[in-house]
Each structure stands twice: as C-alpha cells, then as structure tokens.
Amino acid sequence: MGIPFLDLKSPYLELKDELDAAYHRVMSSGWYILGQEVATFEEEFAAYCGVRHCIGVGNGLDALHLILRGYGIGPGDEVIVPSNTYIATWLAVTYAGATPVPVEPDVATYNLDPTLVEAAVTSRTKAIMPVHLYGQPADMDAVNAVARRHGLKVIEDAAQAHGARYRGRRCGSLGDAAGFSFYPGKNLGAMGDGGAITTNDDDLAIRLRMLRNYGSSKKYVNDVAGFNSRLDELQAALLRVKLACLDDWNDRRRTLAEAYREGLVGTGLVMPSVPAWAEPVWHLFVVRCPDRDAVTARLDRGDIGWLSHYPIPPHRQDAYRELGYGERSFPRAERLAAEVVSLPMGPHLQRGDVARVMAVVTGGA
Ligand SMILES: *Cc1c(COP(=O)(O)O)cnc(C)c1O
C-alpha cells in the first residue's frame, strides 16, 4: 500500500461532526457573504496570531496583493522578495503594478538571507516581503532592522506558517502586515479557497476592509476603486472548527519532523536547518538531495508520494521573462530548485509511515 504525499480526506473524517454542523449552520442561516461567521473567525484568528486585526479575503495571493494596495505601493515601486518562493509572492507584487526584486536565500534554512537584503534596496524600494517558507519563520529581527533603516514596510508571506513562532511570537505578528492562505493543503486549510490579512496597523485595517469589498465602507458608497475578495461564510465557519485543532495538528507535524530529522542523519540527504529562535510548523518537510533522481526513483518504486517545492524558480518562469533574468542570476535558488525533495508530511501521517518513507529513501526497503 502506498503512502500519499498529502492526505486531505482524513482531516475531514476526524472533524466530520463539527464540520458538518458548521456547514448546516451556514446553509440554514440564509447569509453567505460577510456575516457573523467571518467576523467571529477574524476575531479568533487575530487573537491566535496575537494581533489587533484580521481581515478575511478570497485567497492568499489576494491577501498579499491587497496589503500592497493598502499601503499605496504600485507602479514604479520595488518590493524585495525571495528568489526561492512560490510564484504567488512575486505575483502579488506584479498585481499591484510594482516590480519584484529577488534576494537569495540562506540555503541551509531556505529563508531569505537577511545579510543580502540591504544591497538590494534602492530609492524605489517600498517594502520587503519575507516568506516563512515551508512553515519555518524567516529571520525577522534582521529583516525589520533593514526595513527600519530605510523606512520600508515589512509584509510577511505567512501562507505556509500558520502557528509558527519566531522568538516566541507568532508568524503574522512580526511585520507591518501578513498574508495567510487557507488553500486546502495549508496547515490551516479551508474546503475551498480562502485567505486573511493580520496586522496591528489600525489605518491599514480600515482600508483593507474597504478594498476587499468594492472599496466600500457603507453599502453603495464607494470610497476607492476596490476589489471583490472576501472570505465566505461557509469557509469561515469550517475554518473556525479547524483553528481549534491547529496547535494539536502542528504538534503532530513536529513529532514526525523530529523523527525524519533523527532518522535521516548520515544518509547523504541534507536536513533543513532550524535556528534556535525558530519554532517551525512543518507545512512541508523538505530535504536537499545532491543526487535527487536516485532518491525520487526509490520513492517512486516504494509507491511513496513526493513533490519538489519548487522545481522552477519564479525568475526562470516564462511569466517573468520580461525581467531578463537567466540561469546565472540567482544560483542559490537554482541550486535549491535542483536539489529539493518534499517528503510526505501532515497531521494524519502515521509514525509507521514515516519509518517506511525513511527505509525506502535510504534504500533499506
Ligand atoms: C499558497 C501560497 C500563496 C498563495 O495562496 P493562495 O491561497 O493559493 O492564493 C502565497 N505564498 C505562498 C508562499 C504560498 O505557499
């Protein structure tokens, strides 16, 4: 019997009674957009992250895009992004009309190398958008220090880091604002699309509530030319059920990650490096394999699901051809794209499954 890369059915089955009750509550309420469920989820998620405001939106990409709009960042402006991230980070900047300026990661942690950020700042730079990649927080004190020196906003891409902590504080509370995704496979996943913004910036929160809802603060009064990007009542109700389990499910991921990290020592696979100040939530468990094809061939033979996050960095996508980067522009991102393998990970993966994955990866099964 194979081991799937990601199991999205078991989370539903574990919480079936509560999720079904939430579903029926919304269905029978007759109210489906911007109602009590969204308002309550926003309060609960803001409290969870340790911030004053949460604004539910349509998805994670919109969350990041709307934050940029809310700060008035647009054409002619530059935003610093990691060279190794999911393309959504870059696309948010592109949506806003600004230019993504890539900075290389620290290969050991996969996160933005803060020592390289300052050199990328120009007179046009308006913000830095660090990503807490694979669920591990970026080095936010160092990023915030550069931002302060140059008067830049710090916008966290927290789409993979629900519940992760940096020096004891939750991701989503570490910069000026943060974008979350509730795409089904994320640590806090909806049964469809969803996203949220967290912030302590009162003025930004007011603008974002307008921007997500046609630029309107009062029905049929439009203060700005806004967007339609709202978390819906059904997803909010389902997310409230899942939020109550998030810490428990993240703990399960942590236990499995520790098993991988101990069991794969000395196998030639390079484990992710976890700084002392980081409490990752292991959205993905990503290792580096200098000989990736051999490792993935063993996984395939063992019927074990795997993926590579991400095989083509944004600067090498045709979508960003016009920026003019080539294969030598960002060697660390290129190297990661060539070496990373994501092993099965999730709150419903069994300890025995991890043992089997490790046996197969090391050629012992
Ligand atoms: C998932 C993800 C997003 C986008 O979220 P969507 O809800 O799919 O729009 C943005 N950034 C990162 C790093 C992601 O993993």
Item checked: Output for region 191-232, where each listed residue is over 24 Å from Cys171 (Cα atoms) and either part of a strand (DSSP E or B) or within 16 Å of the ligand (Cβ to nearest atom) (or both) -> Asn213, Ser216, Ser217, Lys218, Val221, Asn222, Phe227, Asn228
Margin query: Can you pull out every residue in region 153-173 that is part of a loop (DSSP other than H, G, I, E, B) and open to solvent by 20 Å² or more (accessible area, probe 1.4 Å)?
Written below: Arg167, Gly168, Ser173
Item checked: Hits in region 294-326 (condition: without any contact (Cβ under 8 Å) to a residue 40 or more places away in the chain and part of a loop (DSSP other than H, G, I, E, B)) -> Ser308, Pro311, Ile312, Gly324, Gly326
Next item on the list: Just need a number here: residues in region 294-309 that are hydroxyl-bearing (Ser, Thr, Tyr) and touching a helix residue (DSSP H, G or I) at 6+ places or on another chain (Cβ under 9 Å).
Entry: 1
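With the structure loaded, tell me whether Arg25 is in contact (Cβ under 8 Å) with a residue 40 or more places away in the chain and either within 20 Å of Lys153 (Cα to Cα) or open to solvent by less than 10 Å² (accessible area, probe 1.4 Å) (or both) or whether it fails that test.
So Arg25 fails the test.
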Item checked: Residue satisfying condition, being open to solvent by less than 10 Å² (accessible area, probe 1.4 Å) and in a loop (DSSP other than H, G, I, E, B), within set Val274, Val281 -> Val281
Checklist line | Residues that are open to solvent by 10 Å² or more (accessible area, probe 1.4 Å), closer than 20 Å to His283 by Cα and either within 13 Å of the ligand (Cβ to nearest atom) or small (Gly, Ala, Ser) (or both), drawn from region 111-140 | finding: Tyr134, Gln136
Item checked: Residue ID - farthest from Pro313 (Cα to Cα), chosen from residues in region 75-90 that are surrounded by 18 or more Cβ atoms within 10 Å (Cβ to Cβ) and out of contact with any helix residue (DSSP H, G or I) (no Cβ under 6 Å at 6 or more places or on another chain) -> Asp77
Notebook entry, point to check: How many residues does region 216-241 contain that are of a type in the set (D, E, K, R), open to solvent by 20 Å² or more (accessible area, probe 1.4 Å) and within 22 Å of Val26 (Cα to Cα)?
Noted result: 3
Check: In region 191-204, which residues are crowded, with 20+ Cβ neighbours inside 10 Å and under 16 Å from Gly58 (Cα atoms)?
Finding: Gly194, Gly195, Ala196, Ile197, Thr198
Note to self: Yes or no: region 174-190 includes at least one residue that is surrounded by fewer than 21 Cβ atoms within 10 Å (Cβ to Cβ), more than 15 Å from the ligand (Cβ to nearest atom) and modelled with pLDDT of 95 or more.
What the structure shows: yes
Item checked: Counted residues, region 49-65 - those being among the small types (Gly, Ala, Ser), more than 8 Å from the ligand (Cβ to nearest atom) and open to solvent by less than 10 Å² (accessible area, probe 1.4 Å) -> 1
Notebook entry, point to check: Looking at (1) under 19 Å from Arg356 (Cβ atoms); (2) away from the ligand (no atom under 16 Å from the Cβ), which is the one condition that is false for Asp247?
Noted result: (1)
Checklist line | Residues of region 141-165 that turn out to be within 16 Å of the ligand (Cβ to nearest atom), within 30 Å of Cys245 (Cα to Cα) and not polar (S, T, N, Q), as a count | finding: 10
Notebook entry, point to check: Could you say which residue among Gly175, Gly179, Gly194 is in contact with a Gly (Cβ under 8 Å, 6 or more places away or on another chain) and closer than 18 Å to Val93 by Cα?
Noted result: Gly179
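The values are calculated or read from the model by the stated rules, or taken from the named source; none is laboratory data. Not measured: the values here are computed from a predicted model. FYI the Cβ positions are ideal-geometry reconstructions off the backbone, even for glycines, and counts take in every protein chain you see. Protein only, heavy atoms only, side chains kept; ligands, DNA and RNA dropped before computing areas. Shrake-Rupley method; radii C 1.70, N 1.55, O 1.52, S 1.80 Å.
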